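The values are calculated or read from the model by the stated rules, or taken from the named source; none is laboratory data. Computed from a prediction, not measured in an experiment: that's the story for all the values here. Heads up, the Cβs are rebuilt from the backbone with ideal geometry, glycines too, and the neighbour counts pull from every protein chain shown. In case anyone asks, the SASA skips ligands and DNA or RNA and just uses the protein heavy atoms, side chains included. Shrake-Rupley method; radii C 1.70, N 1.55, O 1.52, S 1.80 Å.
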Amino acid sequence: MAEDFLTLGIETSCDETSAAVVLNGRRVLSNVIFSQIKWHEKFGGVVPEIASRQHLEAICHVTQKALDDAGADFSDIDLVAVTCGPGLVGALLVGVSYAKGVSYVLKKPLIGVNHIEGHIFANFLESSLEPPFLCLVVSGGHSHIVHVGDYGKYEVMGRTVDDAAGEAFDKTARALGLGYPGGPLIDRAARSGDENAIPFPVAHVRGEDFSFSFSGIKSAVLNYLNRMRLKNLPVVAEDVAASFQKAVVDALADKTLAAARKKNARTIALAGGVAANSKLRHELSARAGSDFAVHFPPAVFCTDNAAMIACAGYYRHKGGENSSMELNAHATLSLF
Ligand code: KG4
Ligand code: ZN
């Protein structure tokens, strides 16, 4: 592969239109993220049809800005990497079709990337991290504890049996009337709350050492809010947010550290939107002490972005993989 190899990454799996130019897989020359939040927030969540239309309107401008920010031109690009799943199929199709067009016109290789693998690879951006490591992948749709043995080599040690961690954050924020997306709003509200105010339990999954269950805590929050309203007692949203966050983070940290010990891992990495959570970052680092190095990408690389897709695509391509013009979008796409 050329010494100065430029990958154009494209990400449109949900409600962010993103394009990035990444040098040699790890150096981020540009990473443009156009958020659609203002179109979705009044509905309390992502509306798939709106997402597809907004991606269509934004994709050319976002990509051109990514090239401009990187001081590059289309003709400088060596590889086009695009998220092909999992995600909203109509939204994914915009990115996949656009990436195919760019690859065809430039006569440059195309590579379809699994969004979850992209989140894991965010850890390599602007860093010298190398596998093996243990990775906690926590996003709006996924909660997995994965041992990354090598590039593209994964062993799932545990997963959620119901809701994803991000989903629990979003639903709890909605119940509290905080707005959308819930994770960052809970994170912020929790800072001025008492995390020991309400003892919300997180269910343990019997016989499954490293698995999670988050649907129970969501119901516990709803039951608490209903009880308070029936008794005409005031709800301190900050206390609920902090107590909820503590319960979720405790469960994530306990299981992740136990899995890391079992694997004799030396490094724990965090990936996915929930990895931006300040309490999760703090708690894992504190509990890991000197037993493990804890690695987390800057928040902007944790939530959806195209730089992580360029990185994952670069390493797949380096390993000899390419996609054809038959590449399609997949709402569900398993990595593990
Ligand atoms: O990875 P991501 O951007 O999109 C998916 O692939 O799902 O993750 C989005 C999820 C949302 O549920 C959002 O509420 C959550 O990540 N999130 C957070 C924080 N920032 C984003 N959750 C907790 N604390 C945060 N600071
Ligand atoms: Zn994501």
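Take the residues of segment 1-26 that are among the hydrophobic types (A, V, I, L, M, F, W, C), crowded, with 21+ Cβ neighbours inside 10 Å and more than 14 Å from Ile111 (Cα to Cα): which is nearest to ligand 2 (Cβ to nearest atom)?
Cys14
Could you say which residue among Gly158, Gly193 is touching a Lys or Arg at 6+ places or on another chain (Cβ under 7 Å), farther than 27 Å from Glu16 by Cβ, crowded, with 19+ Cβ neighbours inside 10 Å and of a type outside the set (A, V, I, L, M)?
Gly158
When you go through Lys279, Lys255 one by one, which is the residue that is out of contact with any Phe, Trp or Tyr (no Cβ under 7 Å at 6 or more places or on another chain) and either under 27 Å from Ala122 (Cα atoms) or in a helix (DSSP H, G or I) (or both)?
Unique residue meeting the criteria: Lys279.
Determine the pairs where a residue that is under 11 Å from Gly95 (Cβ atoms), located within segment 38-63, has a partner that is open to solvent by 70 Å² or more (accessible area, probe 1.4 Å) and aliphatic (A, V, I, L, M) with Cβ atoms under 8 Å apart, the partner being 6 or more residues away or on another chain.
So the pair list comes out as Ser52/Leu93.
I'm checking my understanding of the structure. Among residues of segment 264-298 that are of a type in the set (Lys, Arg) and within 16 Å of ligand 1 (Cβ to nearest atom), which one is farthest from the chain's Cα centre (by Cα)?
Lys279
Output the number of the condition that Leu92 fails; it satisfies all remaining conditions of (1) touching a helix residue (DSSP H, G or I) at 6+ places or on another chain (Cβ under 7 Å); (2) open to solvent by less than 20 Å² (accessible area, probe 1.4 Å).
Every listed condition holds for Leu92 apart from (1).
Is it the case, given these coordinates, that Pro109 is away from ligand 2 (no atom under 16 Å from the Cβ), in contact with a helix residue (DSSP H, G or I) (Cβ under 9 Å, 6 or more places away or on another chain), closer than 27 Å to His55 by Cβ and open to solvent by 10 Å² or more (accessible area, probe 1.4 Å)?
yes
State all residues of segment 117-145 that are farther than 17 Å from Thr332 by Cα, among the hydroxyl-bearing types (Ser, Thr, Tyr) and open to solvent by less than 10 Å² (accessible area, probe 1.4 Å); if no residue qualifies, say none.
Those that are farther than 17 Å from Thr332 by Cα, among the hydroxyl-bearing types (Ser, Thr, Tyr) and open to solvent by less than 10 Å² (accessible area, probe 1.4 Å): none in segment 117-145.
Say we look at segment 27-74 and pick out the residues that are polar (S, T, N, Q) and surrounded by fewer than 17 Cβ atoms within 10 Å (Cβ to Cβ); which of these is nearest to Tyr315 (Cα to Cα)?
Ranking the candidates gives Gln64 first.
Can you pull out the residues in segment 282-293 that are open to solvent by 40 Å² or more (accessible area, probe 1.4 Å) and under 18 Å from Lys255 (Cβ atoms)?
Correct list: His282, Ser285, Ala286, Arg287, Gly289, Asp291.
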